[in-house]
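Colleague: Pasting a structure here, questions to come.
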Amino acid sequence: MIRTYRDTDLPALLEVWYAASRIAHSFQEQRFFDEERLAIPRDYLPNVDTWVHEQDGEVVGFICVFDNEVGGLFVHPRAQGLGIGRALMDWVRRDHPVLEVEVYEENAIGRRFYAAYGFKPMHAHLYDETGHPLLRLRYKH
């Protein structure tokens, strides 16, 4: 079931983010994860629309969108491959005929997902804060 994020979801959302991010962003240093864990509730969540995917009463995935930008899409590793990421993307696509996202070039999991969904590359740039290249992708239906 997909529903709007509630403040009480924060611990579960952070758990999903961390578990998925450690795998997808294994090239990052621990400092990145520590800083992001603090920034998510402080800087990101207040400024985006967020939906969670619940399975048996537990948050197992979430997506954040700002305007037409996917700011984050994460599914807990134990729930990956079950169509949850696709369902979340379908959910936001209803109101957004064009979506863009940035994904680390080294994030093979994310790149594979977005390519399968139909996102097309626009350009790449180096993310100064991490020193890792980001790919900007676009989806249009």
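Colleague: Mind checking which residues of segment 98-141 are farther than 17 Å from Glu29 by Cα and in contact with a His (Cβ under 6 Å, 6 or more places away or on another chain)?
Modeller: Arg136
Colleague: Only one residue in Val48, Val60 is of a type outside the set (Gly, Ala, Ser), closer than 25 Å to Pro11 by Cα and open to solvent by less than 20 Å² (accessible area, probe 1.4 Å). Which one?
Modeller: Details: Val48 fails: open to solvent by less than 20 Å² (accessible area, probe 1.4 Å).
On inspection, the qualifying residue turns out to be Val60.
Colleague: Also, quick follow-up: Scan Glu100, Glu106 and give me the residue that is touching a residue at least 40 places away in the same chain (Cβ under 8 Å) and of a type in the set (D, E, K, R).
Modeller: Details: Glu100 fails: touching a residue at least 40 places away in the same chain (Cβ under 8 Å).
Exactly one residue qualifies, and that residue is Glu106.
Colleague: Looking for whichever is under 27 Å from Pro11 (Cα atoms) and either out of contact with any Leu (no Cβ under 6 Å at 6 or more places or on another chain) or of a type in the set (A, V, I, L, M) (or both) here; the options are Leu135, Leu82, Leu99. Which one fits? Spell out how you get there, then give the answer.
Modeller: Numbers: Leu135 fails: under 27 Å from Pro11 (Cα atoms); Leu99 fails: under 27 Å from Pro11 (Cα atoms).
Going through Leu135, Leu82, Leu99 in turn, the sole match is Leu82.
Colleague: Follow-up question, since we're still on this one. Since Asp128 meets every condition but one in (1) in contact with a helix residue (DSSP H, G or I) (Cβ under 8 Å, 6 or more places away or on another chain); (2) of a type in the set (Asp, Glu); (3) more than 19 Å from Met1 (Cβ to Cβ), which condition does it not meet?
Modeller: Against the list (1) in contact with a helix residue (DSSP H, G or I) (Cβ under 8 Å, 6 or more places away or on another chain); (2) of a type in the set (Asp, Glu); (3) more than 19 Å from Met1 (Cβ to Cβ), Asp128 comes up short only on (1).
Colleague: Restricting attention to segment 18-43, and to residues there that are in contact (Cβ under 8 Å) with a residue 24 or more places away in the chain and more than 21 Å from Gly131 (Cα to Cα), which single residue is most open to solvent (accessible area, probe 1.4 Å)?
Modeller: Ranking the qualifying residues of segment 18-43, first place goes to Pro41.
Colleague: Could you grab me the full set of residues in segment 1-17 that are of a type in the set (Asp, Glu) and open to solvent by less than 20 Å² (accessible area, probe 1.4 Å)?
Modeller: Asp9
Colleague: Something else about it: I need a count of the residues in segment 94-131 that are surrounded by fewer than 16 Cβ atoms within 10 Å (Cβ to Cβ) and not in a loop (DSSP other than H, G, I, E, B).
Modeller: 13
Colleague: Right, here's the next one. Name the pairs whose Cβ atoms lie under 6 Å apart, with the first residue in segment 127-140 and more than 16 Å from Gly72 (Cβ to Cβ), the second open to solvent by 40 Å² or more (accessible area, probe 1.4 Å) and not in a strand (DSSP E or B), and 6 or more positions between them or separate chains?
Modeller: So the pair list comes out as Pro133/Glu105.
The values are calculated or read from the model by the stated rules, or taken from the named source; none is laboratory data. No experiment lies behind these values; they were computed from the predicted model shown. As a convention, Cβ positions derive from the backbone with ideal geometry for all residues, glycine included, and neighbour counts pool all protein chains shown. Only protein heavy atoms, including side chains, enter the accessible area calculation; ligands, DNA and RNA are left aside. Shrake-Rupley method; radii C 1.70, N 1.55, O 1.52, S 1.80 Å.
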